[in-house]
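The values are calculated or read from the model by the stated rules, or taken from the named source; none is laboratory data. In this text the structure is predicted, and so the values were computed from the model without any measurement. Neighbour counts are summed over all protein chains in view; Cβ atoms, including those assigned to glycine, are modelled from backbone coordinates with ideal geometry. SASA here: full protein model, heavy atoms, side chains in, ligands and nucleic acids out. Shrake-Rupley method; radii C 1.70, N 1.55, O 1.52, S 1.80 Å.
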Amino acid sequence: MTSEEQKGIGSDRIRGSSAVNVDLLECPICHDLLWIPIACQRCETSFCSACINRWLAANPRKCPNRCKIYIERKCPSFIVKLLAQLQLACYYQSRGCERVIPYEALETHESECDYQPQQCPGCRLEVLKKDFDNHTSGCAAIELTCQECKLVYKRVDAATTHTENICLREQIKENIRQIRQLTLQLHEMRLLLPSITKARITFNDLPMADEKSNFIPDMYRGLEWNKIYYIQRLHLEKNLLKNVHVPSLTASNSPHVALFSGKASISAENVNGIFTFISLTVYGAWNDNMQLLITGHRNSILVSKYTTVVLWCKPQLILLNWRDIDKVILQPLRGTRHPENGATIGKCNRVSQLLDLPDEVLLMICRYLQPVDVLRAFFKSTSDRLHSLILDYRTNLVLSALSYAEFRLVADELLPYLETSQLTLSNSNIPCLVEHFLSLCHQLPLNNLRKLTLNSCTNISSSFVVWLSNQSKLEDLNVYNGDLEVGA
Ligand SMILES: [Zn+2]
Ligand SMILES: [Zn+2]
Ligand SMILES: [Zn+2]
Ligand SMILES: [Zn+2]
Ligand SMILES: [Zn+2]
């Protein structure tokens with residue numbers, strides 16, 4: 001705090017045997033010595049500028065001395081001269097400063113005074129400015145950033161969290177990561193080489209984004225963009241990444257970065273359009289250890305899938321080279337909020353609904369259920385992720401342990417919507433399920449069937465043979481009767 005902020009200077013701070021009449025130099029509002037004074041044009045009374053401005057804010061255009069109207073003028077020069085004769089003690093005298101300073105030099109001195117308190121960024125204690133460097137160079141609570149491995153640690157924890165071993169290990173980890181990225185970049189360059197300028201999208205040609213994020217236009221660079229924003233790289237780094245070192249692996253000097261905080265997608269612009277998705281560079285802006293699920297689709301069917309863990313602030317090149325797709329879906333999952341990150345956005349780690357679970361766990365749950373129940377439970381879900389997850393169940397249908405009623409239900413409710421290409425039936429739990437299928441097969445929507453397996457089949461009907469001859473796509477037929485194989 002300096003004299004300017006503290007309203008006024010008490011007359012007890014006047015030093016020396018000056019014969020100045022202090023009464024003339026008192027501000028009628030704060031009753032301390034005038035500080036940066038100005039005066040009323042009519043009554044010529046001087047006030048501290050801070051005092052009179054505060055007064056005028058509450059009493060517009062009125063003088064505290066009840067003059068008709070307050071008009072500001074310079075402080076009378078005899079007052080200025082009197083003030084200039086004053087010698088004053090430093091504001092920080094109670095903290096040890098013994099300097100006595102002329103009125104006019106007071107402000108400069110107090111802004112530089114060695115006895116002003118400063119807060120230590122580590123232990124938060126107030127330390128005198130003159131002791132600050134000495135204190136912080138030894139304070140145990142100070143956070144240090146290792147220039148070699150970029151690890152941030154408290155000085156007091158150095159012996160446990162930043163040993164030479166840890167430092168070297170962190171450096172090696174970072175080096176390996178960078179080598180991997182460079183190798184991938186090299187592959188990417190080779191793939192892109194013939195048309196490198198055509199295919200690389202860095203968002204540098206979008207209109208300059210303002211402080212907040214803007215939507216990427218629906219149609220951009222021949223693709224349709226859904227729920228993907230862009231923001232100036234500078235804003236992202238200033239607001240979200242703070243002052244942390246960001247290794248830039250992206251070759252692009254684009255001023256923009258694209259952002260997505262939930263499920264987002266990129267599709268071909270035209271109905272029958274397809275494209276090759278070679279690679280993308282991503283990093284976590286809010287969360288650390290975020291799972292990113294990338295899926296490639298063609299005619300709404302999942303054809304490629306890639307899952308990776310995205311790190312906060314560490315750009316990662318993902319080389320996919322997916323050919324002939326018409327849609328890419330990007331889906332960030334979970335992750336933990338990075339501790340140094342002040343942003344409030346970010347998903348927490350708590351599992352509150354089924355879809356918060358990772359794929360492995362969902363698949364494990366499926367294995368405890370009958371295939372038909374998996375389909376019935378998830379088939380009508382609006383989640384594309386679940387649909388992709390149960391792809392195997394949708395195309396490869398295994399029916400056993402079904403009652404006839406349940407079989408009817410499958411036939412009416414599920415089969416019309418599944419892309420069943422493989423069907424396996426068995427009588428193992430319910431007798432005659434296979435026979436039931438044989439009598440119904442001509443009514444069933446099974447036009448994509450490529451492989452049919454019938455276990456413990458005892459009797460083949462003529463209608464089944466007719467139906468079979470109409471199955472143009474069927475490549476593989478297996479009929480088992482106990483230990484007798486009838487053939488394909
Ligand atoms: Zn005042
Ligand atoms: Zn006045
Ligand atoms: Zn001082
Ligand atoms: Zn400290
Ligand atoms: Zn280190």
Discussion item. Any residue at all in segment 69-92 that's under 57 Å from the mean Cα position of the chain (by Cα), within 16 Å of ligand 1 (Cβ to nearest atom), within 22 Å of Glu112 (Cα to Cα) and not hydroxyl-bearing (Ser, Thr, Tyr)?
Written reply: yes
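One line per residue, one yes/no per condition, for (1) within 30 Å of Val127 (Cα to Cα); (2) part of a loop (DSSP other than H, G, I, E, B); (3) of a type in the set (Val, Ile, Thr):
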| position | (1), (2), (3) |
| --- | --- |
| His31 | no, yes, no |
| Ile38 | no, no, yes |
| Cys51 | no, no, no |
| Ala57 | no, no, no |
| Pro64 | no, yes, no |
| Tyr70 | no, yes, no |
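Residues checked against (1) at pLDDT below 80; (2) out of contact with any Pro (no Cβ under 8 Å at 6 or more places or on another chain); (3) open to solvent by 30 Å² or more (accessible area, probe 1.4 Å); (4) of a type outside the set (Val, Ile, Thr):
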| residue | (1), (2), (3), (4) |
| --- | --- |
| Asp392 | no, yes, yes, yes |
| Pro416 | yes, no, yes, yes |
| Glu435 | yes, yes, yes, yes |
| Ser469 | no, yes, yes, yes |
| Tyr480 | yes, yes, yes, yes |
Discussion item. Can you tell me which of (1) within 8 Å of ligand 1 (Cβ to nearest atom); (2) of a type outside the set (Val, Ile, Thr); (3) in contact (Cβ under 8 Å) with a residue 24 or more places away in the chain is the one His31 doesn't meet?
Written reply: (3)
Item to complete: For segment 141-161, name all the residues that are part of a loop (DSSP other than H, G, I, E, B) and either touching a Lys or Arg at 6+ places or on another chain (Cβ under 6 Å) or under 29 Å from Arg95 (Cα atoms) (or both).
Response: Ala141, Ile142
Worksheet item: Mind checking which residues of segment 361-377 are more than 17 Å from Leu452 (Cα to Cα), part of a helix (DSSP H, G or I) and open to solvent by 20 Å² or more (accessible area, probe 1.4 Å)?
Response: Val361, Leu363, Met364, Ile365, Arg367, Asp373, Arg376, Ala377
Worksheet item: Between a first residue in segment 149-164 that is in contact (Cβ under 8 Å) with a residue 40 or more places away in the chain and a second residue that is outside any strand (DSSP E or B), which pairs have beta carbons less than 7 Å apart while being 6 or more apart in sequence or on different chains?
Response: Lys150/His245
Worksheet, complete the sentence: Residue hits (segment 106-132; open to solvent by 40 Å² or more (accessible area, probe 1.4 Å) and within 19 Å of Trp35 (Cα to Cα)) are Glu107, Thr108, Ser111, Glu112
Worksheet item: Applying the selection to segment 387-428, what residues are part of a loop (DSSP other than H, G, I, E, B) and touching an Asp or Glu at 6+ places or on another chain (Cβ under 9 Å)?
Response: Asn427
